[in-house]
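Have a look at the structure below before the remarks.
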Amino acid sequence: MTEFIVVTSGKGGVGKTTTSASIAVGLARHGKKVAVIDFDVGLRNLDLIMGCERRVVYDFVNVIHAECTLKQALIKDKRFENLHVLAASQTRDKDALTKDGVERVLNEFRDEGFDYVVCDSPAGIEKGAFLAMYFADRAIVVVNPEVSSVRDSDRILGLLSSKTRRAEAGGDPVKQHLLLTRYNPARVASGDMMSIEDVKEILGIEVLGIIPESEGVLAASNAGVPVILDETSHAGLAYDDAVARLLGQERPMRFLDVPKKGILSRLFGS
C-alpha cells in the first residue's frame, strides 16, 4: 500500500526541501521503495540537494502532459537503488500542474509498488502547494520556532483538515506531524526563540522531530548530499530519529539542551 507524504509549510525558507530529501533517504535506508517529487514548478531545487541535477532529462510536468513516461522521468539515486527522484520543471508555470494529471501520476507510483512517495511542496497556499497536499495520507509540517512561521503553518493545518481529498470524502483525516527546524536551545533559553512547548501549544500536533540549527545542513546541500547521510551532524542524526518515529519506532528527542562549555571555554570565556 503506497503512502503519500507531503512536506509542507506556510512560510518559505524553513527547510522543506532539505526535509523532503532527508526523509526520503531515511525511508530508503530502512529498505522501503521510495520516490520524492518536487512540486515547486519553476523553482527546481530538490535535484540539487539530491545531487542529481545533471541527470534531469524529463520532469514532473512532462509526465503529467504525457510527453514521456514516468519511468523515463524518474532518476534512480546512485546511493540507494530503491530511491527515485522526480524533478520539477524550471521552464513551466504553476498552471502546468492539474489535479487530474497529478492524480494519474500518483496512481502510477501506486501501480509500480512504491511504499512511500514524498511530495516536496512549495511554500504557502498557491496551486502547487494545494496539489501537493490534496492527495496526502500524511503531512510533515515544517516550522521554524519563530512567530511568523508558526502563524503561517497554523493556516496550513486548517487546509489539511478541510481541503484535501480525505477531508472531502469524510474519511480518516490526513495524519499531521510537526517538524521543528533550526532549533537553537541557547536562543530559547535567552528568550529569543520560541520553545518547543510554545509551538506545540499553538499548533496542537504531534512532534515528529526537532532539528537543531547546524552549519552542516548548508554544507550538505551545497555538496548534493542529504544531511541525514552526515553521521557527524546533529541535524543529520535528528533527521534519522524523525524517520524512525515515522516508521513507528520510539526514539528520545535529542539536542534540546544548551551544550555545556568545556573547561577551557569557561576559563577563557569563549
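Straight distance only, please: which aspartates and glutamates reach the Cα of Lys94 with their own Cα at less than 20 Å, same-chain residues fewer than 8 apart left out?
Candidates past the 8-residue exclusion: Asp38, Asp40, Asp47, Asp59, Glu67, Glu103, Asp120, Glu126.
Picking from Met194, Thr232, Leu46, whose Cα lies most toward the positive end of the charge dipole for the chain (charges on Cβ: Lys, Arg +1; Asp, Glu -1)?
Comparing the listed Cα positions along the dipole, Thr232 ranks first.
Give me the percent of accessible area attributable to carbon and sulfur for the chain, probe 1.4 angstrom.
Whole-percent figure for carbon plus sulfur exposure: 49.
Take each of the peptides 178-186, 224-232, average the number of other beta-carbon atoms within 10 Å over its residues, and list them starting from the highest.
178-186, 224-232
When ranked by the protection proxy of mean other Cβ atoms within 10 Å per residue, highest first, what sequence do the peptides 51-62, 110-121 form?
Going by the mean number of other Cβ atoms within 10 Å, highest first, we get 110-121, 51-62.
From the residues Leu106, Ser221, Asn144, which one has its Cα farthest along the dipole of the chain in the positive direction, the dipole being from +1 and -1 charges on Cβ of Lys/Arg and Asp/Glu about the Cα centre?
The one lying farthest along the dipole's positive direction is Ser221.
Got a sec to turn the phi values of the stretch 181-186 into Karplus ³J(HN,Hα) couplings, 6.51 cos²θ - 1.76 cosθ + 1.60 with θ = phi - 60°, whole Hz, x for Gly and Pro?
Karplus-based 3J(HN,Hα) across the stretch 181-186 equals 10, 6, 7, 10, x, 5 Hz.
Among (i) 18.9; (ii) 22.1; (iii) 17.6, which is the computed Kirkwood radius over Cα pairs in Å?
Identified label for the calculated read-out: (i).
Rounded to the nearest whole Å², what accessible area per residue is found for the stretch 50-93 with the 1.4 Å probe?
Counting only protein heavy atoms, the per-residue value for the stretch 50-93 is 54 Å².
In Å², what does the accessible area per residue of the stretch 146-193 work out to with a 1.4 Å probe?
Accessible area per residue: 53 Å².
Between the alpha-carbon centers of the stretch 12-27 and the stretch 146-214, tell me the distance in whole angstrom.
A separation of 15 Å, based on Cα centres.
Lysines within cross-link reach of Lys33: Cα-Cα under 20 Å, excluding same-chain residues under 8 positions apart?
Here the lysines satisfying the reach criterion relative to Lys33 are Lys71, Lys76, Lys78.
Relative contact order (percent) for the stretch 108-193, with alpha-carbon contacts under 8 angstrom and 6 or more residues of separation?
So the answer I get is 29 percent.
In whole Hz, what ³J(HN,Hα) sequence does the stretch 235-247 give by Karplus (6.51, -1.76, 1.60; θ = phi - 60°), x for Gly and Pro?
Per residue, the Karplus-derived 3J(HN,Hα) values read 4, x, 5, 5, 5, 4, 4, 4, 5, 4, 5, 4, 8 Hz.
Which residues' amide hydrogens lie under 5 Å from the amide hydrogen of Asn144, considering only partners 5 or more residues apart or on another chain, with H built in the peptide plane?
Residues meeting the amide H criterion: Thr181.
Once you keep just the Cα pairs under 8 angstrom separated by 6 or more residues, what percentage relative contact order results for the stretch 1-83?
Relative contact order for the stretch 1-83 comes out at 28 percent.
Listed highest first by mean packing, meaning other Cβ atoms within 10 Å per residue, what order do 145-157, 65-77 come in?
Put in order of decreasing packing, that is 145-157, 65-77.
For Val207, what residues show an amide H to amide H distance below 5 Å, using hydrogens built from the backbone and excluding near sequence neighbours?
Leu178
Around Lys33, which amide H atoms from residues at least 5 apart in sequence, or from another chain, sit under 5 Å from its own amide H, with H modelled in the peptide plane?
The answer is Asp115, Tyr116.
The values are calculated or read from the model by the stated rules, or taken from the named source; none is laboratory data. Just so you know, these numbers come straight off a predicted model, no measurement behind them. For neighbour counting, all protein chains shown are included, and Cβ atoms are generated from backbone atoms with ideal geometry for every residue, glycine included. All accessible areas refer to the heavy atoms of the entire protein, side chains included, with ligands and DNA or RNA removed. Shrake-Rupley method; radii C 1.70, N 1.55, O 1.52, S 1.80 Å.
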